[in-house]
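To start, the structure under review is shown below, and the notes come after it.
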Amino acid sequence: MYINIGLNNLDYRYDVYQMFNIFYTFEEIKFNENDKLTFDVNISEDYLKISEDGKEYTYEINKEKNFKEELKKGIFIYLTDKLKDFYPWGTLVGIRPSKIALKLLNEGKSEEEVIKYFDDKYKASKEKAELCMEVARRENQYVNRDEKNIAIYVGMPFCPTRCTYCSFAANPIGAFKNAVEDYLDALDKEIEAIKKYVKEKSLTIETVYFGGGTPTAVNNEQFERVMNHIHSSFVKDNNIKEFTVECGRPDSITEEKLLSMKRYGVSRISINPQTMNDEVLLSIGRGHLSQDVIDKFNLARKLEFDNINMDIIIGLPNEGVDSVKKTVEEIKKLNPDSLTVHGMSIKRSSKLHENLVLKKTVKIAKQDELNQMYEMSKTLAKDLNMNPYYMYRQKNMVGNMENVGFSREGKECLYNMQMIEDSQTIIALGADAVSKVVYLNENKNRIERFANVKDVKGYIDRIDEMIERKMALLDTLYSL
Ligand SMILES: C[S@@+](CC[C@H](N)C(=O)[O-])C[C@H]1O[C@@H](n2cnc3c(N)ncnc32)[C@H](O)[C@@H]1O
Ligand code: SF4
């Protein structure tokens, strides 16, 4: 079954779809199908009418306000009242709501005025307006203003196992063991070419981020090899501000790999639980237990890593408030330096999409529970003395929520902020790595992207072509 919406003016199809999609995220929404209508939406200059089962709702459009925003608000109020679910972002579906807050603050609006604006225009809650303002203020202190400052991203497209919710380049290492050496050879080629380019153009590397997949999915020797090359090419003698390795999976971390990271000047690492509930960990295919998180975290602390991040996900399948309570308690004891809270996003290419949307074999918590779980993560961050410092939203997130990075003062991830704010060129190496050229001077705000091939074999086979095309794109900014 699907939601069949009758709509008299298809110019507003997307706006109407967006609002219904907040409330019916995992259902198919169609328009004007030759079938019984679930809702009949009628739009005119003066009003919006929604009929359902013979009952009619009318919302009068305020003509002094933006028509589309009014329309969305009318639908949002109707569905909130009908379903009694509370969606604190209101009608806001954009990726970076903090930009709206920043603009208003820069125009001289007071905090109260921003909160009122969020409510009036979007029906967004006071808490979300405050979150936007806090993130906007903090991010604004760090945002890059020099075109020649860049970030380097290196991707490792392997993982110990593939998690059911994931859509990243994450090939299970067991099945790909034979491809690793060839992959590292291709990556070496890319590293050499970019090292030369950065030098020739006198670019300043501010941060290096080694992510994936899972950088530590390979064996100790392979990891040492790639770390050595990254260090000698981008870190050594470059006076960079930050070098992150997103180890992520505790089952991929060894003492030898941590020592390699120490040797090559890594300043920040991630050890990600997602949840501290073993049953949930097993059901999402992570292949490690909560005790592994504790052990590897303690090992990293023993080796004097003083900036450790942890990622968690709110809205994991079959996870409720009690399970998140346990996660919160365990993380509090470990006391990391930053915490990234992701809202579960249901990616079409993931196993979870199949299980949740098509087969319906797993369940996600209801909206009021999701709201509670988010509140718990916020309280955890507060108890750990952390502030929100970057935020973004994605499509198809359960509960229509957000991803937020919290950190202690001075432990923020600079790379994440520049990346989310689109304020810095990122040269990205490895399979599925997406480079981004940000033109700050001419054509303010123009951004061009170049994605490396996602598939490992394709990446290895086409490495020369990718290097060439990436340089050609970079030249549009740096050859001037
Ligand atoms: C690209 S992953 C890499 C980290 C590492 N491989 C790991 O899993 O620990 C970065 C983070 O994105 C989050 N993530 C990945 N897929 C997600 C999804 N579908 N919905 C929400 N968060 C997701 C997880 O919290 C994960 O730690
Ligand atoms: S370990 Fe991380 S990157 Fe790999 S499959 Fe799981 S979430 Fe995706």
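Determine if the stretch 140-152 includes at least one residue that is assigned to a strand (DSSP E or B), under 30 Å from N220 (Cα atoms), within 16 Å of ligand 2 (Cβ to nearest atom) and not acidic (D, E). Break it down stepwise before answering.
Start the filter on the stretch 140-152 by keeping residues that are assigned to a strand (DSSP E or B), which leaves 149-152.
If we keep only those that are under 30 Å from N220 (Cα atoms) too, we end up with 150-152.
Now narrow it down to the ones that are within 16 Å of ligand 2 (Cβ to nearest atom): none.
No: zero hits.
Every residue, every condition in (1) open to solvent by less than 40 Å² (accessible area, probe 1.4 Å); (2) more than 18 Å from V362 (Cβ to Cβ); (3) at pLDDT 95 or above; (4) touching an Asp or Glu at 6+ places or on another chain (Cβ under 9 Å), yes or no:
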position	(1), (2), (3), (4)
V293	yes, yes, yes, yes
N298	no, yes, yes, no
E304	no, yes, yes, no
I313	yes, no, yes, yes
D322	no, no, yes, no
K326	no, yes, yes, no
N335	no, yes, yes, no
T340	yes, yes, yes, yes
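Looking only at residues that are over 13 Å from A129 (Cα atoms) and aromatic (F, W, Y) in the stretch 83-98, which one is most open to solvent (accessible area, probe 1.4 Å)? Ranking the candidates gives F86 first.
Table: residues versus (1) touching an Asp or Glu at 6+ places or on another chain (Cβ under 7 Å); (2) loosely packed, with under 13 Cβ neighbours inside 10 Å; (3) closer than 24 Å to V357 by Cβ.
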residue: E33; (1), (2), (3): no, no, yes
residue: Y57; (1), (2), (3): no, no, no
residue: I61; (1), (2), (3): yes, no, no
residue: K73; (1), (2), (3): no, no, no
residue: D81; (1), (2), (3): no, yes, no
residue: I100; (1), (2), (3): no, no, no
residue: N106; (1), (2), (3): no, yes, no
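Look at L370 and say whether it is touching an Asp or Glu at 6+ places or on another chain (Cβ under 7 Å) and not aromatic (F, W, Y). Talk me through it step by step, then tell me what you get.
Details: touching an Asp or Glu at 6+ places or on another chain (Cβ under 7 Å): no; not aromatic (F, W, Y): yes.
Spelling it out, it is not the case that L370 is touching an Asp or Glu at 6+ places or on another chain (Cβ under 7 Å) and not aromatic (F, W, Y).
Being modelled with pLDDT of 95 or more and out of contact with any strand residue (DSSP E or B) (no Cβ under 7 Å at 6 or more places or on another chain): is that true of S202 here?
Considered against the rule, which asks whether it is modelled with pLDDT of 95 or more and out of contact with any strand residue (DSSP E or B) (no Cβ under 7 Å at 6 or more places or on another chain), S202 comes out as yes.
Would you mind stating whether I150 is within 16 Å of ligand 1 (Cβ to nearest atom) and more than 19 Å from the chain's Cα centre (by Cα)? So I150 does not fit the description; no. Among the residues of the stretch 161-212, those that are touching a Pro at 6+ places or on another chain (Cβ under 9 Å) and either open to solvent by less than 20 Å² (accessible area, probe 1.4 Å) or away from ligand 1 (no atom under 16 Å from the Cβ) (or both) comprise A169, A170, Y183. Does the stretch 256-275 contain at least one residue that is among the charged types (D, E, K, R), within 13 Å of ligand 1 (Cβ to nearest atom) and open to solvent by 10 Å² or more (accessible area, probe 1.4 Å)? Checked against the condition, which is being among the charged types (D, E, K, R), within 13 Å of ligand 1 (Cβ to nearest atom) and open to solvent by 10 Å² or more (accessible area, probe 1.4 Å), the stretch 256-275 yields no hits at all.
Can you tell me which residue in the stretch 451-480 is most open to solvent (accessible area, probe 1.4 Å), limited to those that are of a type outside the set (D, E) and within 14 Å of E147 (Cα to Cα)?
If we filter the stretch 451-480 for residues that are of a type outside the set (D, E), which is where we start, we get 451-454, 456-460, 462-463, 466-467, 469-474, 476-480.
From what is left, the residues that are within 14 Å of E147 (Cα to Cα) are 474, 476-480.
On the way: L474: 3, T476: 67, L477: 15, Y478: 21, S479: 71, L480: 153 Å².
Of everything passing the filter in the stretch 451-480, L480 is most open to solvent (accessible area, probe 1.4 Å).
Every condition in (1) within 16 Å of ligand 2 (Cβ to nearest atom); (2) over 19 Å from L282 (Cβ atoms) holds for Q372 except the one numbered (1).
Collect the residues in the stretch 424-450 that are surrounded by 18 or more Cβ atoms within 10 Å (Cβ to Cβ), assigned to a loop (DSSP other than H, G, I, E, B) and of a type outside the set (A, V, I, L, M), keeping them in residue-number order. Don't jump to the end; show me each part of the working.
Quick first cut of the stretch 424-450, residues surrounded by 18 or more Cβ atoms within 10 Å (Cβ to Cβ) only: 424-433, 435-438, 440, 450.
If we keep only those that are assigned to a loop (DSSP other than H, G, I, E, B) too, we end up with 424, 430-433, 440.
Passing the criteria: Q424, G430, D432.
The values are calculated or read from the model by the stated rules, or taken from the named source; none is laboratory data. Just so it is clear, the model here is predicted, and its values are computed rather than measured. Neighbour counts run over all protein chains shown; Cβ positions are idealised from the backbone, glycine included. Accessible surface areas use protein heavy atoms only, side chains included; no ligands, DNA or RNA. Shrake-Rupley method; radii C 1.70, N 1.55, O 1.52, S 1.80 Å.
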